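These notes are about the structure you will find just below.
What follows is calculated from the coordinates using simple rules that are stated; it is not laboratory data. Here the structure is a predicted model, which means the values were calculated and not measured. So basically every Cβ, Gly included, is an ideal-geometry build from the backbone, and we count neighbours across all protein chains shown.
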Amino acid sequence: MSRLKAAMSDLWRGSVLFSWGCVATAVLRLMRASWHAREEPLDWAALLRWSLLVAPLAGVAAIIVGLAYPLFDRWLNSQPASGRDWASVTRCLALFVGINHANSRFHFATDAELAWTLALLSLALWWTFDRTTCGFVIASLAAAVAHVVAYYLVLRLVFSHSESSLELTRLKAWFPFVAFSAGITIGSVGRQLAAPRSGPKLHCD
């Protein structure tokens, strides 16, 4: 009975994480496209094609990352710096959106300046809401895998006809750090979904 309950809990958390990953990715992509709408009109067909391909991949990634965080927390007896509550998750999400906003709206002189700025913001996100070794490693691995998928699959199938050459060139400068921040944010959601819903909170010494 306990195994069935655990399986149902994992299924529920996986469904929530998948939905969260799909919706968040589509919304952030739409926001990014809207911020650039003054320079060129929105290509709704390209956005739809992008969403149909990328959103499910982001949903699967959200399941893996969101379930991995609480699992490794138990194995390594780690505790995130900000604790486990939805208010912290909301603040983390707000800062993640802010990082995307900075990446999309602000103009940087060079790709190196863009990369260093996003790297510092991503580290600030990790330091504020996570500050665990396993969180840093999981987010880094997720960012590396996402970068490979984005560059060799999504870039060729979706972005090649819908993005400017400058945007494609800058993908290497901003995507790994945005993906790292996404990993930290998804991890905070996964941790909160795995937290007990009733009774006193347990703290391991």
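One table, with the values for the structure above:
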{"read-out": "Phi-based couplings in Hz for the range 88-101 (Karplus 6.51, -1.76, 1.60; Gly and Pro marked x)", "value": "5, 4, 5, 5, 5, 4, 5, 5, 4, 4, x, 5, 5, 5"}
{"read-out": "Hz values of 3J(HN,Hα) by residue in the range 145-152 - Karplus curve (6.51, -1.76, 1.60), Gly and Pro given as x", "value": "5, 4, 5, 5, 4, 5, 6, 9"}
{"read-out": "The range 76-116: trypsin sites (Lys or Arg not before Pro) in DSSP loop, at most 15 other beta carbons within 10 Å", "value": "none"}
{"read-out": "Stretch gain in nm, segment Met8-Val97, where the contour uses 0.36 nm per residue and the Cα spacing is subtracted", "value": "28.9 nm"}
